[in-house]
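The values are calculated or read from the model by the stated rules, or taken from the named source; none is laboratory data. This one's a predicted model, so the numbers in the text were calculated from it and none came from an experiment. Here Cβ is always computed from backbone atoms with ideal geometry, including for glycine, and neighbour counts include all displayed protein chains.
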Amino acid sequence: MSVQAKRGFLPSDARDFSTESLPKLKKAAEEVCYLLDRGYPVTPVTRFVGDRYQFSERQRLALARTLSPEAAVHARKSREVTDIAGETLWIDGFNVIIGLEIAYSQSMLFHCMDGTIRDLAGLHGTYRLIPQTDSAITALLRTLETSRTAKAVICLDQPVSNSGRLKQRILELAEHISFDLDVLIENPVDALLKTKPLIASGDAIILDECSRWFNLARTVIAQQIGDYPYIDFTPEIP
């Protein structure tokens, strides 16, 4: 395994997301949301507001990842479920596992307006198992078991490097679980998940089109790690 330890973290993040930076990020988030609620697209909006505040690219990316139009937030929350007992859960594998690797790396995770957690890892098709991968997988399986899930289907993106190695490791660690498990390597995963009755992902595009979803990564962290110092500059919504 790679010795990389702080997945999703750059040295400049300590400055960009320090306690001192949060008031400016909160103010910028209010302005971004004002424009998103009026139909402006997120990329030019975060660029425009980011220019005004002279934000770094990472700060602009964090705004884009954490903020959503109010209508989209309400629509996503209306389809969220909190009980998956007896259900089959289709899981966006890299999306969930990378978030958990970051949590076990004690790196940055962001609280988002829709209640999910997201990160700035930006692997762009390149993935390696790291020392925290086993902890992430074990915690995921433990939560699925305690949630009395009937079956879990973990979907991994075929074009992402080491998807086969990750599948193998998941199956090795799942040897003694009490629920049914499949690990699929698919392309594209997002299109597949949009068609399934119950999914787990933090991807906003998937959440906007799925039938029902479960906030899996956040549930795993709450159950297996406890309180986590999420970075939160999102405005409150009614």
**Complete:** Out of (1) under 30 Å from Ser147 (Cα atoms); (2) at pLDDT below 95; (3) part of a helix (DSSP H, G or I), the one Arg7 does not meet is (3)
**Asked** Take the residues of region 18-62 that are in contact (Cβ under 8 Å) with a residue 24 or more places away in the chain and among the polar types (S, T, N, Q): which is surrounded by the most Cβ atoms within 10 Å (Cβ to Cβ)?
**Response** Gln59
**Asked** Hey, does region 102-120 have a residue that's surrounded by 23 or more Cβ atoms within 10 Å (Cβ to Cβ), of a type in the set (Asp, Glu) and part of a helix (DSSP H, G or I)?
**Response** no
**Item:** Residue satisfying all of: in region 181-208; in a helix (DSSP H, G or I) and acidic (Asp, Glu); farthest from Leu144 (Cα to Cα) among these
**Value:** Asp208
**Residues (under 13 Å from the mean Cα position of the chain (by Cα) and closer than 13 Å to Lys6 by Cβ) located in region 99-153** = Glu101, Ile102, Ala103, Met108, Leu109, Asp119, Leu120, Ala121
**Asked** Under 7 Å by Cβ, and 6 or more places apart or on different chains, what pairs join a residue from region 139-161 that is closer than 12 Å to Asp92 by Cβ with one that is hydroxyl-bearing (Ser, Thr, Tyr) and assigned to a strand (DSSP E or B)?
**Response** Val153/Thr88
**Asked** Considering only region 1-52, how many residues are of a type in the set (Val, Ile, Thr) and touching a Phe, Trp or Tyr at 6+ places or on another chain (Cβ under 7 Å)?
**Response** 0
**Request:** Kindly establish whether Asp83 is closer than 25 Å to Ile237 by Cβ and surrounded by 20 or more Cβ atoms within 10 Å (Cβ to Cβ).
**Result:** no
**Request:** Would you tally the residues in region 87-101 being outside any loop (DSSP other than H, G, I, E, B) and either without any contact (Cβ under 8 Å) to a residue 60 or more places away in the chain or acidic (Asp, Glu) (or both)?
**Result:** 2
**Prompt:** Listed residues Arg142, Arg212; which is modelled with pLDDT of 95 or more and in contact with a strand residue (DSSP E or B) (Cβ under 6 Å, 6 or more places away or on another chain)?
**Reply:** Arg212
